[in-house]
Amino acid sequence: MPLRVKAIHDIWSGHQVLVHLDPTFVLPPENVLTYLPVPGDLFYYYRPRNYFRGAPYGRSESAEIGIVYDRDTRPQGPRGPEAVNLFATISSGLEGFARACEDMIYRGQKDLILERLE
């Protein structure tokens, strides 16, 4: 940390943005959930090579961080609900973050810095 990345709006999961990581960055499962997240949840998930039919986002495998910004969200992909590793929560500024996420629907990806605050 900090992690400087491009965030895009997720096309399958609802009110969520995602960050693509280097697919060689594979973490072991920990705190794995298939659940209905709440705004502010951050989670990691990995989809192995050949998981996808085709290559959405130009990727045949994917390591990602998902960030939920509103209700009515469920981490899922082309095969349905995803089991994800919940690892953090946004503790402040969620309203402004949600507005920026909604703007991505119309204007595309945005730069994002993920960092841990002490």
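For the reader, a short list of remarks on this structure follows.
- Result for the chain in a Gaussian network model with C-alpha springs under 10 Å: among PRO39, PRO28, PRO48, the largest mean-square fluctuation is at PRO28.
- Estimated translational D of the stretch 3-106 in µm²/s (Stokes, Kirkwood radius over Cα pairs; 37 °C; 0.692 mPa s): 236 µm²/s
- Fewest-first sequence of ASP103, ASP70, ASP10, ASP111 by Cβ atoms within 10 Å of each Cβ: ASP111, ASP103, ASP70, ASP10
- Dividing the mean sequence gap of close Cα pairs (under 8 Å, 6+ apart) by how many residues the stretch 5-118 holds gives a relative contact order of 36 percent.
- As a proxy for reagent exposure, TYR106, TYR45, TYR35, TYR69 were ordered by neighbouring Cβ count within 10 angstrom, fewest first; the result is TYR106, TYR35, TYR45, TYR69.
- FRET efficiency estimate (nearest 0.05) - Cβ-Cβ, ILE11 to LEU94, R0 22 angstrom: 0.50
- Residue of ARG71, ARG47, ARG99 that the Gaussian network model of the chain assigns the largest fluctuation, springs spanning Cα pairs under 10 Å: ARG99
- Extended-chain gain in nm, criterion 0.36 nm per residue less alpha-carbon gap, ARG4 and ARG71: 21.6 nm
Computed from the coordinates by the stated procedures, all read-outs in this text should not be read as laboratory data. Note that the structure is a prediction, hence the values are computed from the model and not measured. Every residue, glycine among them, receives a Cβ derived from its backbone with ideal geometry; neighbour counts consider all protein chains shown.
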